[in-house]
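Here is the structure we will look at, set down as C-alpha cells.
The values are calculated or read from the model by the stated rules, or taken from the named source; none is laboratory data. All values derive from a computational prediction rather than experimental measurement. Using ideal geometry, Cβ is built from the backbone for each residue, glycine included, and neighbour counts are taken over all protein chains shown. Areas reflect the complete protein model, heavy atoms only, side chains present, ligands, DNA and RNA absent. Shrake-Rupley method; radii C 1.70, N 1.55, O 1.52, S 1.80 Å.
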Amino acid sequence: MTLSWATTDTLDMPTAGTAVDTFAGLADVPGGYGAKLRWTRQRAEAFRAEFPSTGMPTSIVTCPLVTLPYPTRFGLFRASRAIAPFLSITNRMLVVRWQESDGRARVLLFEPSDHELGQYTPYFAELQRKTPGPVRALAVKEHGTVLGHLARLGIKPEEVDYLMFDHLHTQDLRRWVGTTQPQRDLNGAIEAAFPNAKVIVQRDELMGMADLHPLQRPWYQPSTFADISPDAFLPVAGSLVLGPGVAVVATPGHVFGNQSLVVNTSTGIWASSENVIAAECLTPEHSTMPGLARWSSRWQQEVVLNANTIETTADQYNSIILEKTLVDRCQRNENFLQFFPSSELTGMWTNPGTTPTFRHGELTHQS
C-alpha cells in the first residue's frame, strides 16, 4: 500500500514541546549492542534526575477499553512455561491533563484505540476467523469506549489536543481524525471525532508504513491511512518534554518508531508502553508465573520482552532497560516498578499459568 503523503516533503515536523537531547547520539555509540546498553543506562539515569524539575501534570486517569486473547509465546517471549497457548491482555487508555505556563489547559489521550476497527488488523482478523463464536465471546470483554470514557469524565472531544500511541500496530485512526475521501467500509465521509487533536507519532514509523516489510504486515492496517490528511499528525524525531511532567521518549525495537509515555506523578516517575505486558517482566526474578524467574536467571536476561514482531530485538531490550531505569519502585510492592503496560496481562481461568504475580490495574494522579 502506498501512502502518497508519507514523504520527507509532506511530513515536516511542527514545533511541540521541548526536544530532549539527553538521548541524542545513540546511533553514533561505538561498539555493539552491549556498548549501547551501557550508554542507554547512563543517559536514562541522567534524564531521570532532570525530569522531575519539569513539574507534574494536573491529572491522569486510566480508562479500560477491552480485554482480549494474545499468544503466550509473544507476550512472554521464550520465558513462560505455561501450558496455555493464549493469555489475556487488557488495553487501557490514559487521559493526561496539564496546564501550560500561559494557563492553557491541555488534554492528551494515550492509547485511545478504536478497538472495533482494530479487529480488522490482519493477524487478529485471521485469529478471529479461526475461533468459534462462543469461544470469542468468552475471551473478549469490552469495558468501554474512548468517547464513552471522555463523556464520563466531562471532556468534550474538541478539547482533546493530542492522541498518542506507543506504536501504530492494529490502529485505524479514521474515526478519530477524519478522512479526505469517503470510506466505502464506513459508509461515506468521515468527520473527525477529535477535530483539534494531533497524533503524536515518530516520523520514522509513519514513513516506514509506506513500504512495510513482510514481518510487519500482519500487524498494521496501512490502507486505513491512505485518506488521512498529513495535517492530522504531529511527527517527532526522538524524545521531547510535551508539558509539565509529561514526556515522549523514543524506545525503538518493538517497532522502529516505538515511543513511550513518561510522566512525573505524586508517587514518582512512571513509564507506559507495550514493550512488556506485565510489571514483573521488568523484574522477572520476583515472578511466580511458571518459567519467568528461572529463565531470567539461566540466561542472565533481566527483562522479558513482548515480542510479536522481532524487528530489532536487542534495540527493544535496551529500550526496556531505559524504561526500567527511568521509573520509580511501586509503593504498593517494592519488588515491582512503576511501569504501566498499555496492554496489561490479566489473569483468566481459561489461561492457566498466565496469572500475573502483581498487576497495577490503573495509573492515577491528581496534583
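Quick notes
- The overall shape of region 223-367, judged from the alpha-carbon gyration tensor, is prolate: a/c is not under 1.5, and a/b is greater than b/c.
- A straight chain from residue 35 to residue 152 at 0.36 nm per residue would run longer than the Cα-Cα distance by 37.3 nm.
- Under the shape rule built on the C-alpha gyration tensor, where the axes satisfy a ≥ b ≥ c, region 114-230 is oblate, since a/c reaches at least 1.5 while a/b does not exceed b/c.
- A cut-off of 5 Å between modelled amide H atoms, ignoring neighbours fewer than 5 places along the same chain, links residue 190 with 179, 183.
- HN-Hα J in Hz across region 35-46 - Karplus 6.51, -1.76, 1.60, θ = phi - 60°, x for Gly and Pro: 5, 5, 5, 4, 4, 4, 4, 5, 5, 5, 5, 5
- Integer Hz, Karplus 6.51/-1.76/1.60 couplings in order for region 284-298, x for Gly and Pro: x, 5, 9, 7, 9, 5, x, x, 5, 5, 5, 5, 4, 5, 5
- Of the accessible area of the chain, computed with a 1.4 Å probe over protein heavy atoms only, carbon and sulfur atoms account for 51 percent.
- Solvent exposure of the chain, expressed per residue, is 43 Å² of accessible area, with all protein chains present and a 1.4 angstrom probe.
- In this structure the amide hydrogen of residue 58, modeled in the peptide plane, comes within under 5 Å of the amide hydrogens of 97, 98, 99, none closer than 5 places in sequence on its chain.
- The chain: relative contact order as a whole-number percent, Cα under 8 Å and 6+ apart: 24
- Protection proxy ranking, peptides 230-242, 322-334, average beta carbon neighbours within 10 Å, highest first: 230-242, 322-334
- Under the Karplus curve 6.51 cos²θ - 1.76 cosθ + 1.60, θ = phi - 60°, whole-Hz ³J(HN,Hα) for region 318-332, x wherever Gly or Pro sits: 5, 5, 5, 5, 4, 4, 4, 6, 6, 8, 8, 6, 6, 6, 6
- Using the Cβ of residue 57 as centre and a radius below 13 Å, the other residues enclosed give a net charge of 0, where K and R count +1 and D and E count -1.
- Approximate spin-label separation residue 140-residue 187, in nm, with each point projected 7 Å along Cα-to-Cβ: 1.9
- Under 5 Å from the amide H of residue 87 lie the amide H atoms of 70, 72, each residue being 5 or more positions distant or on a separate chain, with H modelled from the backbone and absent for Pro and chain starts.
- Bridge type composition, the chain - antiparallel percent by DSSP, nearest 5: 75
- Rounded to the nearest 500, the helix-only mean residue ellipticity at 222 nm of the chain stands at -6000 deg cm²/dmol, with each DSSP H run of n ≥ 4 adding -39,500 (n - 2.57).
- Entry note, region 262-366: relative contact order of 37 percent, from Cα contacts under 8 Å with a spacing of 6+ residues.
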